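Presented below is the structure to which this report refers.
The values are calculated or read from the model by the stated rules, or taken from the named source; none is laboratory data. Not measured: the values here are computed from a predicted model. Cβ coordinates were reconstructed from backbone atoms using ideal geometry, including for glycine residues, and neighbour counts include every protein chain displayed. Ligands, DNA and RNA are excluded from the accessible area calculation, which covers all protein heavy atoms including side chains. Shrake-Rupley method; radii C 1.70, N 1.55, O 1.52, S 1.80 Å.
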Amino acid sequence: MVQSLKTDEILVNMGPQHPSTHGVLRCLLKTDGEWVREVWPYIGYLHRCKEKIAEKVSYIQFMPYTDRLDYLASANNNLGWAMAVERLTSIEVPERAVWLRVLAAELNRIASHLLSYGTFGMEAGAFTPFFYGFRERETIVSIFDQLCGARLTYHYARIGGVMRDLSPETAKAIRRFLDEMDRRWVEYNTLLSDNEIFVRRTANVGVIPADLAIAYGLTGPVLRGSGVAHDIRKAAPYACYPKLDFKVCVGEGLKGTVGDCWDRYWVRMLEIRESVKICRQILDGLPEGPYQAKVPRILKVLANEAYVRTEAPRGELGFYIISDGTDKPWRCRIRAPSFCNLSILNRIARNCLVADVIMILGSIDVVMGEVDR
Amino acid sequence: MEAKDICEILMRHLPDAVREFCIDTADPYLVIEPTCISDVAAFLKNHPDLQFDMLQLITGVDRCQSFEVVYHLTSLRFGHSVTLKAMILHDRPRIASIADIYPAADWHERETYDLLGIVFAGHPDLRRILLPDDWEGHPLRKDYVAPESYHGISNAPQ
Amino acid sequence: MPGTLTDIINYVIQTALGVVGLDYARVPEMLRIGAAMLIACGAMLGYVAVVALFFGWAERRVAGRIQARQGPNIVGPFGLLQLIADAIKILVKEDIIPQTAHRFLFRLAPILVFMGAFAPFVVLPFSETLVVSNLSLGVYYALSFAALEVVGVIMAGWASNNKWSLYGGMRLAAQMMSYEIPMGLAVLTVAVLSGHLNLRTIVLDQQGYWIFSWNVFRGFPWAFLAMFVFYLAGLAGSKRTPFDLPEAESEIVAGYHTEYSGMRFVIFYLSEYATMYVVSALTAVLFLGGWHGPIPHVLAWDGQVHWEAGPVLSALIGMVNMIGKSFFLMFVMLWFRWTYPRVRVDQIVYLCMKVLVPLGIICLMGASAWALVW
């Protein structure tokens with residue numbers, strides 16, 4: 001009787017409008033009941049021709065566009081673009097500006113990871129982490145508001161420096177926040193990281209072995225979650241990172257296999273703590289001096305090319321610029337970490353449950369603004 | 001290991017593959033025979049002293065007369081990086097895919113195909129990735145003219 | 001002294017009609033019972049609506065409290081009127097039926113779901129006297145009507161003609177049907193211990209030494225374990241976190257009610273709270289002494305009765321006890337919801353088949369042995 005029942009695989013569209021596809025990702029699922037046999041991600045719903053725009057606007061004008069790549073970590077994008085242009089033009093950036101940029105980038109990393117914490121909890125079905133994550137993120141956003149007047153698209157790092165100096169009040173606010181973050185971090189773990197249901201949902205799910213992660217060009221917490229201690233801040237130090245003391249956090253398979261969803265999540269949690277540490281060191285050791293170098297209004301860049309990579313919250317953010325002597329790049333290629341990280345989805349989300357696909361997607365933590373550019 | 005040493009090793013083993021070693025840019029690069037790209041990629045990945053295990057980026061560049069395909073490779077093990085360039089003809093933009101050597105190349109090649117129209121021969125699934133399937137033209141080409149409308153949606157500036 | 005709610009209503013009607021000079025006793029018996037039942041059911045319907053509205057508000061306040069935010073606090077005192085405002089908003093909303101949906105089943109589904117959720121209210125006792133229908137098989141009546149919900153939900157999932165809805169419907173079917181087994185086993189444990197299936201009698205049985213004669217303590221450890229089995233299974237049956245898979249927002253959008261809007265959606269929403277209330281009230285009745293304690297009806301020490309509440313006061317105390325316990329258990333459900341993540345579909349079946357069912361069987365066997373020995 002049961003054998004004679006005809007069953008069929010069905011194709012389901014998850015997205016582009018779906019609560020947990022992080023914006024406008026569309027995944028086509030081939031499902032057999034609750035089992036997902038294969039997942040095909042379709043991207044491009046947020047494509048805004050960033051690379052084409054870069055060829056049409058000047059180096060200085062393109063800075064605000066980088067805000068909208070990974071819109072959850074615009075300070076990091078600004079840093080990457082500024083460094084790339086400075087590399088081509090050999091503009092000397094004042095030391096204080098370098099430190100301030102890194103401060104902004106690390107604060108933004110905390111904010112980005114907090115949001116990831118919240119949404120990941122939400123995807124697991126727990127609502128409260130989302131609000132807790134947003135509560136602390138709100139503090140960071142207000143700090144950025146004080147620092148540069150914007151709350152999401154900061155445009156803080158400028159070519160040759162930063163837009164505004166750090167005021168003592170803001171520094172105090174940051175310190176207050178860092179102290180609070182230390183306390184909250186423990187609370188977060190009580191609420192989610194060590195929760196039995198959460199661990200069972202994420203441990204041993206979506207395991208990415210280290211060699212596969214490297215082959216697919218994964219970077220950031222996704223790669224480190226697989227136990228590969230690769231962090232550009234250490235591997236190819238830039239800005240003031242060599243002077244700072246911090247650890248590269250890797251997944252150790254504490255709750256299951258190395259490289260599972262929980263490990264990727266945990267790497268982000270650990271990085272929040274490391275970033276707090278970095279921010280403290282920056283506030284303690286911030287050098288005095290100017291915060292902006294002299295940069296010509298019309299910045300012409302001789303024919304040259306450079307690939308500059310930085311460690312954004314989601315992995316290696318690279319700007320490959322080919323200049324041609326004018327004030328606009330001939331070609332600008334953006335290596336978006338989320339784009340590369342997402343490409344592995346089809347490979348690892350096979351023969352798992354619908355709920356696992358969501359967890360895998362959440363643990364990869366893509367931002368579609370960056371994937372689609 | 002510096003780019004110069006990498007170039008030397010490569011020249012020693014695959015003398016026909018390297019056309020030129022260019023050091024006058026901020027990041028030096030190797031110009032590779034486009035027909036040899038698979039061999040070079042496989043060599044760089046497997047050579048015990050090089051071990052370029054990660055492909056960071058594939059870029060297509062429209063140089064008006066020709067296309068450049070740029071590969072950024074890095075080795076997590078040794079921490080060194082290399083930039084490869086292959087120049088291909090503008091009217092016959094075709095190069096071998098390295099997606100079988102570096103799975104990461106899959107999406108990068110699709111994107112380069114999508115936006116520049118460079119065909120990667122041997123790619124398992126060469127479709128448009130960012131633009132809709134029925135989009136005409138390749139926007140990142142220098143001679144691209146944006147269409148006036150798409151499915152009846154006007155493209156005219158407001 | 002009147003026996004049940006029906007008698008009370010009849011008594012009230014009779015008195016009221018007597019004032020205007022009509023003799024209610026001349027009306028045929030069947031009609032009188034029917035009228036009383038109708039009024040009682042109407043009262044219960046009102047009660048369900050009030051409970052659902054109240055918990056719609058409480059849920060958001062509790063969520064706000066847990067999530068370090070405010071919750072509704074603008075409309076009315078403590079935001080209590082927020083729900084009224086919401087209700088008005090929802091009533092004027094457009095009722096959308098998808099073009100490809102099966103229109104008849106799509107409309108029927110919420111009604112069936114609500115019926116399933118509401119029917120058990122009829123047998124829930126609030127005090128010794130306040131019970132709409134004193135069925136001798138009350139427990140089974142409640143459980144079997146709860147199962148009607150499954151039909152409605154599958155219907156909703158299928159009729160919506162949406163794949164996510166279908167997923168939700170199928171998930172719920174699997175979940176509710178499997179969780180009825182441990183629920184039944186837990187109920188049987190109580191039935192064996194007290195020897196009744198009538199909810200009123202089961203509660204009457206738990207009278208005596210204040211809270212210590214509650215089934216949960218009297219039948220320790222079997223009833224104690226059975227209570228957790230029953231409550232957890234009930235939680236799964238009312239699809240609340242951590243068992244809210246049928247409407248798991250992050251996975252299958254909104255499950256079976258994805259396509260529902262306006263009033264039809266609210267009916268699902270009300271039914272969910274109604275089911276939660278039924279589960280909480282049944283837990284209170286079966287295990288936590290129903291209307292007995294913690295506020296006592298009788299004060300007795302040294303073997304002497306020092307104070308005994310009159311019939312009206314006694315009914316009031318019973319109601320306070322009963323509603324208090326039910327509300328507390330519902331609050332625990334809210335607390336769960338805003339604390340825990342959701343389990344996965346295989347884990348929910350695992351929990352049922354490999355944890356709760358064996359536990360339920362152990363409880364039942366233990367209680368049977370207990371009953372044989374004593």
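For region A:10-372, carbon and sulfur atoms together expose 53% of the accessible surface, with a 1.4 angstrom probe and every protein chain in place. Model label sites at residue C:306 and residue A:151, defined 7 Å from Cα along the beta-carbon direction, differ in position by 6.1 nm.
Using a 1.4 Å probe over the heavy atoms of the protein chains, calculate the carbon and sulfur portion of the accessible area of region B:3-154 as a whole percent. Result for region B:3-154: 50 percent of the exposed heavy-atom area is carbon or sulfur. For chain B, modelled as a GNM whose springs connect Cα atoms under 10 angstrom apart, the maximal fluctuation among B:28, B:132, B:93 occurs at B:132.
Look at the alpha carbon pairs under 8 Å that are at least 6 residues apart: their mean separation over the length of region A:15-77 gives a relative contact order of 18 percent. Take each residue in A:340-353, count the other chain C-beta atoms within 10 Å of its C-beta, and the mean is 2.
In region A:10-372, taking the dipole from charged Cβ atoms about the Cα centre, the farthest positive-side position among A:352, A:262, A:85 is held by A:85. Applying 1/(1 + (r/R0)^6) with R0 = 51 Å to the Cβ-Cβ distance of residue C:108 and residue A:186 gives a FRET efficiency near 0.50. Full extension of the chain segment joining residue C:371 with residue C:47 gains 112.9 nm, where the gain is 0.36 nm per residue of separation less the Cα-Cα distance. Taking the Cα centre of chain A as reference, the dipole from Cβ charges on Lys and Arg (+1) and Asp and Glu (-1) amounts to some 780 debye. The mean number of Cβ atoms from other chains found within 10 Å of a Cβ in peptide A:114-122 is 1, as a whole number. The residues A:243, A:6, sorted by heavy-atom accessible surface at 1.4 Å with ligands and nucleic acids left out, run A:6, A:243 from largest to smallest.
Here's the picture: a label point sits 7 Å out from the Cα of residue A:52 along the beta-carbon direction, and within region A:307-331 the residues with their amide nitrogen under 17 Å of it are A:329-331. In this structure, residue A:351 and residue A:169 have a Cβ-Cβ separation that, at R0 = 60 Å, corresponds to a calculated FRET efficiency of about 0.65. In the context of the full protein assembly, residue C:264 retains an accessible surface of approximately 50 Å², using a probe radius of 1.4 Å and ignoring ligands and nucleic acids.
Between residue C:331 and residue C:15, the C-beta separation translates, for a Förster distance of 41 Å, into a calculated FRET efficiency of about 0.60.
Chain C against chain A buries an accessible area of about 2600 Å², both chains summed, 1.4 Å probe radius. Take each residue of peptide A:44-56, count the partner chain Cβ atoms within 10 Å of its Cβ, and average: the result is 3.
Across region C:48-373, Cα-Cα pairs farther apart than 30 Å form 37% of the total. Take chain A with all the other protein chains still there, run a 1.4 Å probe, and you get 34 Å² of accessible area per residue. The interface between chain A and chain B buries about 3300 Å² of solvent-accessible area in total (1.4 Å probe, ligands and nucleic acids excluded). For residue A:30, a cut-off of 22 angstrom between C-alpha atoms picks up these lysines, skipping any fewer than 8 places away in its own chain: A:6, C:163. I'd like the distance separating the alpha-carbon centroids of region A:273-335 and region A:199-219, in whole Å. Between the Cα centre of region A:273-335 and that of region A:199-219, the gap is 30 Å. Ligands, DNA and RNA excluded, the heavy atoms of residue C:258 present near 40 Å² of accessible surface to a 1.4 Å solvent probe. A cut-off of 5 Å between modelled amide H atoms, ignoring neighbours fewer than 5 places along the same chain, links residue B:32 with B:19, B:85, B:86, B:87. Ordered by solvent-accessible area of protein heavy atoms (1.4 Å probe), largest first, the residues A:262, C:307 come out as C:307, A:262. Couplings 3J(HN,Hα) for region C:56-68, derived from phi with the Karplus relation 6.51 cos²θ - 1.76 cosθ + 1.60 (θ = phi - 60°), are x, 6, 4, 4, 6, 5, 5, 4, x, 4, 5, 9, 6 Hz, where x marks Gly and Pro.
Among B:11, B:87, B:54, the largest mean-square fluctuation in a Gaussian network model of chain B, built with springs joining Cα atoms closer than 10 Å, belongs to B:11. The listed residues B:52, A:127 rank as A:127, B:52 when sorted by accessible area, largest first, using a 1.4 Å probe.
With a threshold of 31 Å on the Cα-Cα distance, the over-threshold entries among A:172/A:328; A:56/A:277; A:234/A:255; A:50/B:4 are A:172/A:328; A:56/A:277; A:50/B:4.
Packing around the peptides A:98-104, C:52-58, B:20-26, taken as the average count of other Cβ atoms within 10 Å per residue, puts them in this order, highest first: A:98-104, C:52-58, B:20-26. In region B:11-31, the residues that give up 30 Å² or more of accessible area when the other protein chains are added, compared with the chain on its own (1.4 Å probe), are B:25, B:26, B:27. Phi angles across region A:202-214 convert, under the Karplus curve 6.51 cos²θ - 1.76 cosθ + 1.60 with θ = phi - 60°, into 3J(HN,Hα) values of 10, 5, 6, 10, x, 6, 10, x, 4, 5, 5, 4, 5 Hz, Gly and Pro given as x.
Each 20 Å bin from zero up to the one holding the largest Cα-Cα distance in chain A carries the following percent of pairs: 30, 56, 13, 1, 0.
Within the full protein context, the accessible area of residue C:231 is estimated at about 20 Å² for a probe radius of 1.4 Å. Computed with a 1.4 Å probe over protein heavy atoms only, the accessible surface of region B:3-154 comes to 44 Å² per residue. Under the criterion of Cα pairs below 8 Å and six or more residues apart, the relative contact order for region B:26-94 equals 34 percent.
When the Debye formula is applied to the Cα atoms of region B:1-131, each taken as the same point scatterer, what base-10 log of I(q)/I(0) results at q = 0.11, 0.16 Å⁻¹? Debye output, listed in q order: -0.35, -0.75.
Annotation: amide H-H contacts under 5 Å for residue A:312 (H modelled 1.01 Å from N, sequence separation of 5 or more, or interchain): A:317. Between C:260, C:47, C:277, the residue with the greatest mean-square fluctuation in the GNM of chain C (Cα pairs under 10 Å linked by springs) is C:47. Across region B:3-154, C-alpha contacts under 8 Å between residues 6 or more apart give a mean separation that, scaled by the residue count, equals a relative contact order of 17 percent. From the Cα gyration tensor of region B:61-108, with a ≥ b ≥ c the square roots of its eigenvalues, which class applies: rounded if a/c is under 1.5, or else prolate if a/b is larger than b/c, or else oblate? Note, shape of region B:61-108 comes out oblate. Sequentially through region C:298-311, phi angles give Karplus couplings (6.51, -1.76, 1.60; θ = phi - 60°) of 10, 10, 9, 8, 6, x, 10, 7, 8, 7, 9, 6, x, x Hz, Gly and Pro residues having no value and appearing as x.
Shape descriptor for the protein assembly as shown: Rg over Rh equals 1.07 (Cα atoms; Rh from the Kirkwood inverse mean 1/r).
Ignoring any ligand, DNA or RNA, what whole percent of the accessible area of region C:48-373 comes from carbon and sulfur when the probe is 1.4 angstrom? Its accessible area is 72 percent carbon and sulfur atoms. For residue A:38, the residues 5 or more places off, or on other chains, whose built amide H falls under 5 Å of its own are A:30, A:351.
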